[in-house]
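Shown next, in structure tokens, is the structure this report addresses.
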Amino acid sequence: MNLTVLGSTGSIGRQTLELARCFDDINITGLAAFGSIDLIEEQIKEFDPEICCIYDEKKASELKNRLGSGTGAKVKIVSGMEGLIECATYEKTDTVLISVVGMIGIKPTIEAIKAGKNIAQANKEPIVCAGHIIMPLAKKYGVSFTPVDSEHSAIYQCLRGEAGNKIDKIWLTASGGPFRGKKREELKGITPADALKHPSWNMGAKITIDSSTLVNKGLEVIEAHYLFDVQADDIIVAVQPGSIVHSMVQFEDGAIKAQLGSPDMKVPIAYALHKEHRVNYDGKKNLGFKELSEIRFMEPDLETFKGLKLGIEACRTEGTLTTVYNAANEECVSAFLAGKIGYLDITDGIEAAMRAHTVIPEPDLDRIFAAEKEARTFIKDRYNLN
């Protein structure tokens, strides 16, 4: 496999490269990052890719100067959205793992599909905001489209061998985050440091905050809706502390299939990269009786964690509301991490942006990005972030 990793310096990207070290059948042809040139310079020297995108143009220029005529000098350095797309459609690449953060991943995902690349998708936002465009496009071009997100990989795995069998319900599991069991009043003074202490997973800052508000689960409901063509009311969110049951599928005969495992993102990454073959890898984590004996399920508290409730609403409505939900959250989380707004302001801001928006059904890319801009401007004005 000739693999390009978009977002190689993030958590998923780094774990993907750790797996690449274990498997001789994975050749890294391309890398991309926003601006973490210290780490990507090391990655270039180790994996010897042919193309590398640094989204930030100044950082890209700095990386070129650093590489000079030494090791890694032959790699083609590109930048900006054009560079990201060039990296995603690179002729020698056959599979693109997309793990960039945010809506920046939409256009590269679409162009990679059009170029006939197989997709391993870890970036939620392209599906959340443009799933109605991307999923039919993947079918049209005949590329494989494998989710890497733990929950959606679990659903995908449960559906193997079930062609023709009707899905009755999808059970989407959640750990409940670090504030599981707390009420809204108890969350008023939460700091970024508090919210970054996830009980099960080791993830990047943005997704960790999303997990604490359960907005991440709202995004995953929308993602599951588009990935598996299941309506919002047939997706049940179940809190499963410990993150052992990654998700389940219930069929019309009442049978339920579940995928279980330790909270380890290398499992869905390896499964996606090896075309659904299960492979051994260094450092794998096995379950024992202790972990299995502690499995229990609870209903989520939609009043305290209204970020999930709003996500379900956006999923039911579709159109540009899913983009507003996502973009308002991105803006609010960024402001919270910077200490500019409070913790509860995140979901309050999302709700206000959704209420202020006039939904456009079946939006094209221009309308999707216009809705993003509208939501970001609304949040900046609401919280005086300009």
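Choose one answer from Asp253, Asp210, Asp94: the residue with the largest mean-square fluctuation in a GNM of the chain with alpha-carbon springs under 10 Å. So, out of Asp253, Asp210, Asp94, the one fluctuating most is Asp253.
Relative contact order for the range 21-83: 34 percent, from Cα pairs under 8 Å spaced at least 6 residues apart, divided by residue count. In the set (1) 33, 23, 20; (2) 31, 26, 21; (3) 102, 24, 15, the label that goes with semi-axes √(5λ) of the Cα gyration tensor in Å computed for this structure is (2).
How do 9-22, 287-300, 184-197 rank on mean C-beta neighbours within 10 Å, highest first? All intermediate terms of the calculation are to be shown ahead of the outcome.
Numbers: 9-22: 19.9, 287-300: 11.4, 184-197: 13.4.
Highest mean packing first, the order is 9-22, 184-197, 287-300.
If Lys and Arg each add +1 and Asp and Glu each add -1, what is the summed charge of the other residues whose beta carbon sits under 10 Å from the beta carbon of Val128?
Values: positive: Lys124; negative: Glu125, Glu220, Glu223.
For residues surrounding Val128, the net value is -2.
Taking the Cβ-Cβ separation of Ala338 and Thr358 as r and a Förster radius of 22 Å, what is the calculated FRET efficiency to the nearest 0.05? Before the final figure, lay out each step's value.
Details: r = 30 Å, r/R0 = 1.34.
Efficiency for this residue pair is about 0.15.
Quick check: Cα centre of the range 243-309 to Cα centre of the range 28-93, how many Å? The distance from the Cα centre of the range 243-309 to that of the range 28-93 comes to 34 Å. Between Glu252 and Lys74, the simple spin-label model (points 7 angstrom out along Cα→Cβ) gives 5.7 nm.
For Glu303, neighbours were defined as the other residues whose beta-carbon sits under 10 Å from its Cβ, and their charges (Lys and Arg +1, Asp and Glu -1) total +3.
A 1.4 Å probe run over the range 1-159, with the rest of the protein chains in place, finds 38 Å² accessible per residue. Estimated from helical segments only, the mean residue ellipticity of the chain at 222 nm is -14000 deg cm²/dmol, where each DSSP H run of four or more residues counts as -39500 (n - 2.57). Name the residue, out of Ile368, Ile98, Ile256, whose mean-square fluctuation peaks in a Gaussian network model built on the chain with Cα pairs under 10 Å. Between Ile368, Ile98, Ile256, it is Ile256 that shows the largest mean-square fluctuation.
The distance from the alpha carbon centre of the range 313-336 to that of the range 157-218 is 16 Å, rounded to a whole number.
Ranked highest first by average number of other Cβ atoms within 10 Å, how do 352-363, 37-48 line up?
Numbers: 352-363: 15.6, 37-48: 17.7.
Packing order, densest peptide first, comes out as 37-48, 352-363.
Toward the positive end of the charge dipole of the chain, with +1 on the Cβ of Lys and Arg and -1 on the Cβ of Asp and Glu, the farthest Cα among Leu172, Leu17, Phe297 is that of Leu17. With contacts taken as Cα pairs under 8 Å and at least 6 residues apart, the chain reaches a relative contact order of 14 percent. For Ala327, the shell of other residues with beta-carbons less than 10 Å away shows a net charge of -3, using +1 for Lys and Arg and -1 for Asp and Glu. For the range 98-255, relative contact order (Cα pairs under 8 Å, six or more residues apart, normalised by length) works out to 30 percent.
Can you give the % of DSSP beta bridges in the chain that are antiparallel, to the nearest 5?
Numbers: 11 of 40 bridges.
Around 30 percent antiparallel, to the nearest 5.
Applying a 4.7 Å cutoff between beta carbons, the unpaired cysteines of the chain are Cys22, Cys52, Cys129, Cys158, Cys315, Cys332.
Using a simple charge model, +1 on the beta-carbon of Lys and Arg, -1 on the beta-carbon of Asp and Glu, nothing else, what dipole does the chain show about its Cα centre, in debye to the nearest 20? Intermediate results must be reported in sequence, preceding the final value.
Working: 45 positive and 54 negative charges, 92 e Å.
Its charge dipole is roughly 440 debye.
The values are calculated or read from the model by the stated rules, or taken from the named source; none is laboratory data. Note that the structure is predicted; figures quoted are calculated from it, not measured. When we count neighbours, we look across all protein chains shown, and the Cβ atoms used for this are built from the backbone with ideal geometry, even at glycine. SASA here: full protein model, heavy atoms, side chains in, ligands and nucleic acids out. Shrake-Rupley method; radii C 1.70, N 1.55, O 1.52, S 1.80 Å.
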